[in-house]
Amino acid sequence: MAGAGGAARGRFAVVGGGIAGVTCAEQLAAEFPSEDIFLVTASPVIKAVTNFKQVSKILEEFDVEEQPSSLLEKRYPNIRVIQSGVKQLKSDEHKIYTEDGKEYSYEKLCLCAGAKPKLIVEGNPYVLGIRDTDSAQAFQKNLAQAERIVVVGNGGIALELVYEIQGCEVIWAIKDKAIGNTFFDAGAAEFLLPKLTAESRETPIECKRTKYTLEGSEEKGRPTGASDKLGSALGPDWHEGLHLKGTKEFSHKVHIEILCEVKKIYLQQEFIQLQLTSLTFPKGEKNGEADEVLWPVYVELTNGKIYGCNFIVSATGVVPNVEPFLDGNNFAVGEDGGLKVDKHMHTSLPDVYAAGDICTAAWEPSPVWHQMRLWTQARQMGWYAAKCMAADASGQSIDMDFSFELFAHITKFFNYKVVVLGKYNAQGLGSDHELMLRCTKGHEYVKVVMHNGRMMGAVLIGETDLEETFENLILNQMDLSAYGEDLLNPDIDIEDYFD
């Protein structure tokens, strides 16, 4: 294997053991059974897609499982997992240098190193970023002693977190007007809100996605500082096995502060020295009184309010993990910090591809697709990147994968099935669109985004059974003006019209 200078050579190398990287390596291994595929990953476990199910033409559902990398090597004997971080990429030499001092030559490389949580402040022991199983476990340990926490952020993870926490006061600071803005509008938020305040919990419907098992990671005694190593991203059920319960006896106390961000964080000493005043947990509509309790840490919001708490959860999204690769390489980088890729998942450097959270889609997208750093897109991009690498290696041309025609994502919030399609929040449509709604309290919420009589997007919460019909209507851009409001009339079986 080792060539001159001790560099192992492989035709294909992939960096990253998350969904994008593993999917890419598996696909390459299947297409080139006699070639060695290097998979370089800093973590001892990889994330594998299991129970994959094609729900419709584009919608897919799958579980994500953490597995030891030896299982992957068993499934694909030509995948060589290299457990080490990448120290440097020398793209002009087609070489990767790993932290453990080795070097690897490749013909084609795919970077799938994911993203890391965007922390509101770095290096503060009272600020926890949540994005992967390790950080979720650290979070659970802290929560066991907590009486009040502040959650900052308004994406899927913040939403699920606030829903799941019991016995602990939660101050939830969001920069938008309504909760869950990455996935919903204010209407959907209103539909879901009663679930946040409900005292008793119905037994959850059986959960069809990830069950996190982390056997073995506790026993080995994690090396110190291990938690800052990048784990893979969480999916919608990351909280399943965790007992999110604080110290208090009541079940649910959530107070939402809208249209604000964190202005400053004070440690207790600083707070006392500056003689600041913080607020108690607001009761009803009234603002809190001055708080007599001394808290370990205090958060000042941009709306002027200060709250003390045990710790702060930063669930404010992610930044692509490009650091190790930029040095000495002239990558084109997108506005969101990701490596720009064209419609064949090529970065701006020869023979270097990228997929998943680390990349920024820089092609002209279909009018009803947009990039979002989600598991579904990581899987699709990893698979498609492998296809593109294979096609380039054998000099063939390849069409853009069909999954990039339409944005489609299926998940669960507050125990409701949630499907989002196309420009479900009228992204990029300006004011030139109209919304149609149908909502049965506690049962379902259906919203469609229309533009010139054509359906551009939809949000479906609950068991609506409309996803396939709506997927087709968005894809074929049929003129629906004639149906008007009847499009959502529950007494009309819309599938019959459009089979």
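Peptide packing for 417-424, 432-439, 335-342 was compared via the average number of neighbouring C-beta atoms within 10 Å per residue; ordered from the highest value, the list is 417-424, 335-342, 432-439. For Asn452, neighbours were defined as the other residues whose beta-carbon sits under 15 Å from its Cβ, and their charges (Lys and Arg +1, Asp and Glu -1) total -1. The residues neighbouring Ala332, those whose beta-carbon lies less than 14 Å from its own, together hold a net charge of -2 under the Lys/Arg +1, Asp/Glu -1 convention. When the pairs Lys175/Lys412; Lys177/Lys263; Lys90/Lys340 are compared against a 21 Å limit on Cα-Cα distance, Lys175/Lys412 fall above it. Between Met372 and Asn287, the FRET efficiency from the beta-carbon distance, with R0 = 41 Å, is close to 0.70.
Overall shape: prolate for region 355-413, with the ratio a/c of the largest to smallest alpha carbon gyration tensor axis at 1.5 or above and a/b above b/c. Distance from the C-alpha centroid of region 79-107 to that of region 284-324: 40 Å, rounded to the whole angstrom. For a quick check of your reading of the filter: which GluC sites (Glu not before Pro) in region 29-87 sit in a DSSP loop and have no more than 10 other Cβ atoms within 10 Å? Of the GluC sites (Glu not before Pro), not one in the loops of region 29-87 has a Cβ with at most 10 other Cβ atoms within 10 Å.
Considering only C-alpha atoms, what is the centroid distance from region 464-495 to region 138-158, in Å? Centre-to-centre (Cα) distance: 40 Å. Using only side-chain charges placed at the Cβ, +1 for Lys and Arg and -1 for Asp and Glu, the dipole size of region 415-497 relative to its Cα centre rounds to 480 debye.
How would you classify region 415-497 from its alpha-carbon gyration tensor, with a ≥ b ≥ c the square roots of the eigenvalues: rounded for a/c under 1.5, else prolate if a/b is greater than b/c, otherwise oblate? Oblate, since a/c reaches 1.5 and b/c is not below a/b.
Once the C-beta distance of Gln268 and Lys118 is scaled by a Förster radius of 25 Å, the resulting FRET efficiency is 0.45 to the nearest 0.05.
If R0 is 56 Å, the Cβ-Cβ spacing of Thr280 and Glu323 corresponds to a FRET efficiency of close to 0.85.
Residue separation of Asn415 and Glu93 scaled by 0.36 nm, minus their Cα-Cα distance, works out to 110.9 nm of gained length.
Taking label positions 7 Å along the Cα-Cβ direction at both Met400 and Ser481, the computed distance is 2.7 nm, reported to one decimal. A 1.4 Å probe over all protein chains sorts Leu59, Leu429 by accessible area into Leu429, Leu59, starting with the largest.
The values are calculated or read from the model by the stated rules, or taken from the named source; none is laboratory data. The shown structure was predicted, so the numbers you read here are calculated from the model rather than taken from an experiment. Here Cβ is always computed from backbone atoms with ideal geometry, including for glycine, and neighbour counts include all displayed protein chains. Keep in mind that these areas ignore ligands, DNA and RNA; they rest on the heavy atoms of the full protein, side chains included. Shrake-Rupley method; radii C 1.70, N 1.55, O 1.52, S 1.80 Å.
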